[in-house]
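Just below is one structure, and these are the notes that go with it.
Read the figures in this text as sums done on the coordinates, not as results from a lab. What you see is a predicted model, and the numbers here were worked out from it, not measured in a lab. Backbone-built Cβ (ideal geometry, glycine too); neighbour counts: all protein chains shown.
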Amino acid sequence: MVLGETSFYFPIFLGLISILLLSGSVLRLSSYFYHLIINSKSTSISPINRLCIFAAGAVCIGLCLFGIRGRMGYNPIRVSQAYYCTDPFLNQLGVNPVFNLLTSTLDDNRKENRYLHLMPEQEAITNMQSILQRKGIEGISPIAREVKCTAVPTQKNVVLIFMESMSANLMEHFGSTKKLTPFLDSLYLESLSFDHFYSAGIHTNHGMYATLYSFPAIMKRNAMKGAVVPVYSGLPTVLKDNGYRNLFFMTHESQYDNMNAFLRTNGFDEIYAQENFPKDKVVNSFGVQDDFLYQYALPILNKKSRRKTTFSLPYCFLSATIPRM
């Protein structure tokens, strides 16, 4: 298949020449140092030379380990580092094949990523079809259902706000006497709200994954993290198919939990993260304060509005104490 494309011949030729030149250089250097050692009159190594060899070896090993980590930031290098656009093919061109093979193999062997055998699969499907009163859609899901909207879409902007560690127990409406959330309580009384809303996970990735793509958390598994980024259908992809431009704002690094790669693969057009913010606004390893994220996002959203761009906008905060982190 590769040889069938004539435009690949020249790059393949250059690659082969590079391999031959590198191999020849390694052989010549090996031969040179071998004869140098054989012809050397000295049979012992002085303590100073031993110390220099040890120091040089330690530096080389440290550089190798740093190269494996890939960067000096809070997180080691991940697949997200290579993702920069919405085209999956272009994003994956920057992923090193050796890195991809190694990390995907390690991911598959992690205990939390193994297939769960909680009960017979067909029995689970039958039970869910009975409970949900669905027959499923072949080729999509055994519990999928088709929803047809007869009304004309209003194309309103959509804003989602994720706030970490926020519990209903902190709201006065649910029994708190500390009056910590007066604005949330007022919104609750004036909005379409849900008082039986439960989470199956305790981590950031669980909440975002479940809210945006309607899949529950599976034990300790992080569905967003991994060298091979899965493709899902959910709110972002549906909005994108209907003409929306999806933006995601987060306070921390976009590599956290592999968010950049996962979100770009699954419906998001633009990602704004710690890499985009002024360095003096970064307060700790979790990035900027929540109030600054609002200040940063508003001019961007106003610009989108002037262009008459319909957008969806999830915010991700890592603290329930706004604006302090």
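Full extension of the chain between Val228 and Phe183 yields a length gain of 12.1 nm, computed as 0.36 nm times the residue separation minus the alpha carbon distance. Would you mind pulling out the separation of the Cα centroids of region 240-265 and region 146-219, in Å? Each part's Cα centre sits 19 Å from the other's.
Could I get the Rg over Rh figure for region 97-240? Both from C-alpha atoms, Rh via Kirkwood, rounded to two places. Provide the component values of the computation, followed by the final result.
Details: Rg = 19.5 Å, Rh = 19.1 Å.
Result for region 97-240 is an Rg/Rh of 1.02.
Among Ala200, Ala144, Ala227, which one moves the most in a GNM of the chain with springs linking Cα atoms closer than 10 Å? Looking only at Ala200, Ala144, Ala227, the biggest GNM fluctuation is shown by Ala144. The three principal axes of the Cα atoms in region 225-295 give end-to-end lengths of 37, 28, 14 Å, sorted in falling order.
Considering only Val26, Val288, Val228, the Gaussian network model of the chain with Cα springs below 10 Å gives its largest mean-square fluctuation to Val26. Each label point was placed 7 Å from the Cα along the Cα-to-Cβ direction; for Ile19 and Ala200 their separation is 4.6 nm.
The simple spin-label model puts a point 7 Å past each Cα toward its Cβ; for Ser176 and Leu36 those points are separated by 6.8 nm. Once the dipole of region 174-253 is set up with Lys and Arg at +1 and Asp and Glu at -1 on Cβ about the Cα centre, which of Tyr209, Ser186, Tyr244 lies farthest towards its positive end? Projecting each Cα onto the dipole axis, the largest value belongs to Tyr209. Gyration tensor analysis over the Cα atoms of the chain returns equivalent ellipsoid semi-axes of 48, 28, 23 Å (largest first, whole Å).
In terms of its Cα atoms, region 208-247 spans 35, 21, 15 Å along the principal axes, sorted from long to short.
The charge dipole of the chain, taken about its Cα centre with unit charges on the Cβ atoms of Lys, Arg (+1), Asp and Glu (-1) only, comes to about 680 debye. When +1 charges are put on Lys and Arg Cβ atoms and -1 charges on Asp and Glu Cβ atoms, the dipole computed for region 36-194 relative to its Cα centre reaches about 640 debye.
Think of the chain as a dipole: +1 on every Lys or Arg Cβ, -1 on every Asp or Glu Cβ, centred on the Cα centre; then among Ile271, Phe99, His117, Phe99 lies furthest on the positive end. Helix 97-109 axis versus longest C-alpha principal axis of the chain: approximately 60°, rounded to the nearest ten.
Among the trypsin sites (Lys or Arg not before Pro) in region 8-111, those located in a DSSP loop and surrounded by at most 16 other Cβ atoms within 10 Å of their own Cβ are Lys41, Arg71, Arg110.
Mean projection of the Cα convex hull over all viewing directions, computed for region 194-264: 5.7 nm².
Going by C-beta contacts inside 10 Å, put Arg114, Arg245 in order with the fewest on the left. Please list the in-between numbers first.
Numbers: Arg114 11, Arg245 16.
Going from least to most buried by this count: Arg114, Arg245.
Provide, in order from the shortest bin, the percent of all Cα-Cα pairs of region 232-273 in each 10 Å bin, continuing until the bin that contains the maximum pair distance. Whole-percent P(r) values from 0 Å outward: 32, 53, 15. Sorting the segments 11-20, 204-213 by their mean number of nearby beta carbons within 10 angstrom, highest to lowest, gives 204-213, 11-20.
Subtracting the Cα-Cα distance of Glu123 and Leu301 from 0.36 nm times their residue separation leaves 59.3 nm of extension gain.
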